[in-house]
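Note sheet for the following structure.
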Amino acid sequence: MKRLILAIVIISLLLLLNTYYYLNHELYEEYPDNEDIIEGFEGKVSVYGTVVNRSYDGLYILIEHGSKSKILKVVSDLDVESGDRVEVLGLLQKDEITPEKIIVYRKWFYYSVFIRSGIAVPIIVYVFLKYWTFDFKEMKFRRRKDA
């Protein structure tokens, strides 16, 4: 009985901590993110978005938060293509970012994660069901006798 009460208390505390962080995570961010920038913040920021255009003086990224979006200019001669995803840490002034650090995720690489997962899931399900079966009477998984 004491173990059950202790387990309930620990799970309740974990749920409370998760709820608190979910509701107040913006208080613990080191730099403002997309939501703050769309609302008009200027200063040192960390943004992520999709490259929509490349020009001789920089690249333009589309940042989104919910139903709102905004296009920002990143002053950089980095070789990127439309559709690539970028994360930028830098100084934002009048919808223009002077970057300190840029991370680029190529469009094909971003989508390859989903393709690999789509291939892996059926294989994992097959292997799992080959060795295990679900016992509906006891409501638990049991190892197959022939496995």
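The values are calculated or read from the model by the stated rules, or taken from the named source; none is laboratory data. Here the structure is a predicted model, which is why all the values come from computation and not from measurement. Cβ coordinates were reconstructed from backbone atoms using ideal geometry, including for glycine residues, and neighbour counts include every protein chain displayed. Surface accessibility is based on the protein's heavy atoms, side chains included, excluding ligands, DNA and RNA. Shrake-Rupley method; radii C 1.70, N 1.55, O 1.52, S 1.80 Å.
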statement: Selection from region 27-65 of residues open to solvent by 60 Å² or more (accessible area, probe 1.4 Å), touching a residue at least 24 places away in the same chain (Cβ under 8 Å) and not hydroxyl-bearing (Ser, Thr, Tyr) yields 35, 41, 42, 44, 52, 53, 54, 64, 65
query: If you check residue 118 against the conditions, is it at pLDDT 90 or above, under 30 Å from residue 30 (Cα atoms) and either open to solvent by less than 90 Å² (accessible area, probe 1.4 Å) or not in a strand (DSSP E or B) (or both)?
result: no
Yes/no for residue 3 being farther than 22 Å from residue 108 by Cα and either among the charged types (D, E, K, R) or open to solvent by 50 Å² or more (accessible area, probe 1.4 Å) (or both): yes
message: Being open to solvent by less than 100 Å² (accessible area, probe 1.4 Å), over 30 Å from residue 80 (Cα atoms) and either at pLDDT 90 or above or in contact with a Phe, Trp or Tyr (Cβ under 6 Å, 6 or more places away or on another chain) (or both) narrows it down to one residue among 134, 141; which is it?
response: 134
message: Could you tell me how many of the residues in region 66-81 are open to solvent by less than 30 Å² (accessible area, probe 1.4 Å), outside any strand (DSSP E or B) and not β-branched (Val, Ile, Thr)?
response: 1
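To keep it simple, each residue is scored yes or no on (1) among the polar types (S, T, N, Q); (2) at pLDDT below 90; (3) more than 30 Å from residue 145 (Cα to Cα); (4) not in a helix (DSSP H, G or I).
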| site | (1), (2), (3), (4) |
| --- | --- |
| 30 | no, yes, yes, yes |
| 36 | no, yes, yes, no |
| 60 | no, no, yes, yes |
| 64 | no, no, yes, yes |
| 90 | no, no, yes, yes |
| 97 | no, no, yes, yes |
| 113 | no, yes, yes, no |
| 124 | no, no, no, no |
- prompt: What are the pairs, 6+ residues apart or on separate chains, where a residue within region 82-104 that is open to solvent by less than 80 Å² (accessible area, probe 1.4 Å) has its Cβ under 7 Å from a residue that is in a loop (DSSP other than H, G, I, E, B) and among the polar types (S, T, N, Q)?
  reply: 99/76; 102/76
